[in-house]
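Asks: This is the structure, below, for whatever I ask next.
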Amino acid sequence: MSSAYDNIEPGLRIEGTPFAPTRESIREFCEASLDFNPLHLDDEYMKGSFGKTRFGGIIMHGMNNFGVINKMLTDWLYPQGGIHRRLETRWKAPVRPGDTITPTAVVTARKVTKRSRFATLDVAVRNQRGELVASGEAMVEFPLSA
Amino acid sequence: MGSAEFETDFWKDEQLRRVWDDIIPGQPRKTLPYTLTLDAIQKYCRAVGDLHPLYFDAAYAEASPYKGLIAPPAIHILLMFACTPADDWMRSPGTINAGQSWSYNMPARPGDVIRLEARALDKFIRKDRLFVIHDNVFFNQNDEVICSGRGQTIRPA
């Protein structure tokens with residue numbers, strides 16, 4: 001009888017749930033994450049240039065990307081007995097209220113180790129214009145009991 | 001510490017915070033214990049649009065291999081600031097999160113008392129910007145690692 005891991009092959013593509021941040025959802029994320037950095041709250045502060053950036057207005061938390069990616073992976077893993085083990089991300093472009101972002105992932109490799117079974121994935125988050133806003137790599141585990 | 005005590009004005013303690021010059025790679029930073037409630041878990045989940053029954057449906061979660069409600073792996077997003085004092089340099093307004101990597105050992109659960117061990121690991125200047133690499137490990141009340149992560153921030157000039 002094949003296991004879920006047998007169906008994990010390089011090239012397998014996963015698409016997550018789109019997420020559409022608004023000013024209200026960014027405020028909600030501030031409350032939920034306790035990150036009240038003015039990057040996400042204060043348009044007046046954001047109109048200036050600081051740290052060599054020019055965002056022009058409030059932006060979504062970078063870690064909101066992280067949460068959206070994490071949801072994509074766990075939605076895929078939980079039904080199969082898989083475990084999310086690692087996620088590394090880099091933010092490529094700001095996400096603003098009114099954007100819609102969609103995470104995707106592609107399996108890049110399988111690795112059976114002494115005690116378990118793993119897979120690695122390339123992760124990307126794009127906005128409604130197809131622009132890359134975040135990228136990264138994930139590692140997942142399928143225990144031998146799964 | 002409950003959420004009612006959390007200082008949301010990141011400007012308020014600005015004068016108390018160390019700047020990039022003061023950050024010592026290797027020096028542990030002060031952290032606060034935090035009791036993770038079901039309410040806080042679910043608030044985070046709703047904020048990222050994740051309504052999985054493992055986080056909301058007790059009967060479903062108890063019947064699962066997890067044997068009870070859990071927090072999603074990325075709950076460290078909340079834990080980071082929950083465990084960080086108001087005068088810490090991590091809360092400096094204008095700090096830019098340039099990227100993070102996190103490893104997950106076991107899920108956090110409602111009622112866990114979370115402890116953070118954290119320090120800056122490195123700091124450098126690149127393209128005229130001030131970077132810090134920082135390391136964070138979250139433990140539960142049984143001293144079990146929940147997750148650990150490394151982040152890169154760009155500090156305000």
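Asks: Return the residues of the stretch B:117-132 that are within 13 Å of chain A (Cβ to nearest Cβ) and touching a residue at least 40 places away in the same chain (Cβ under 8 Å); say none if nothing qualifies.
Replies: Across the stretch B:117-132, the qualifying residues are B:130, B:132.
Asks: Can you tell me how many residues within the stretch A:73-87 are more than 7 Å from chain B (Cβ to nearest Cβ), of a type in the set (A, V, I, L, M, F, W, C) and farther than 14 Å from residue B:146 by Cβ?
Replies: Total meeting the criteria: 3.
Asks: Follow-up. Take residue B:143 and decide whether it is closer than 19 Å to residue A:61 by Cα, acidic (Asp, Glu), modelled with pLDDT of 95 or more and not in a strand (DSSP E or B).
Replies: no
Asks: On the given criteria, is residue B:112 away from chain A (no Cβ under 11 Å), of a type in the set (D, E, K, R) and surrounded by 21 or more Cβ atoms within 10 Å (Cβ to Cβ)?
Replies: In short, yes.
Asks: If only one of B:44, B:60 is aromatic (Phe, Trp, Tyr) and at the interface with another protein chain (Cβ under 7 Å from one of its Cβ atoms), which one is it?
Replies: None of the others qualify; the one that does is B:44.
Asks: Can you tell me which of (1) more than 9 Å from chain A (Cβ to nearest Cβ); (2) under 19 Å from residue B:117 (Cβ atoms); (3) modelled with pLDDT of 95 or more is the one residue B:87 doesn't meet?
Replies: Just one mismatch for residue B:87, condition (3).
Asks: A further question follows. Within the stretch B:99-108, take every residue that is among the hydrophobic types (A, V, I, L, M, F, W, C) and more than 7 Å from chain A (Cβ to nearest Cβ) and give me the one that is surrounded by the most Cβ atoms within 10 Å (Cβ to Cβ).
Replies: Taking the candidates together, the pick is B:108.
Asks: Does any residue of the stretch A:10-27 turn out to be at the interface with chain B (Cβ under 7 Å from one of its Cβ atoms), at pLDDT 95 or above and surrounded by fewer than 19 Cβ atoms within 10 Å (Cβ to Cβ)?
Replies: yes
Asks: Okay, moving on. Name the helices (runs of 4 or more DSSP H) wholly within the stretch B:24-97 that hold at least 2 residues that are surrounded by fewer than 16 Cβ atoms within 10 Å (Cβ to Cβ)?
Replies: B:38-47, B:58-63
Asks: If a residue has to be in a strand (DSSP E or B), touching a Ser or Thr at 6+ places or on another chain (Cβ under 6 Å) and touching a residue at least 40 places away in the same chain (Cβ under 8 Å) to count, how many in the stretch A:91-120 make the cut?
Replies: Residues that pass the stated criteria total 2.
The values are calculated or read from the model by the stated rules, or taken from the named source; none is laboratory data. Because the structure is a prediction, the values reported are computed rather than measured. Note: ideal-geometry Cβ built from the backbone for every residue, glycine included; neighbour counts use all protein chains shown.
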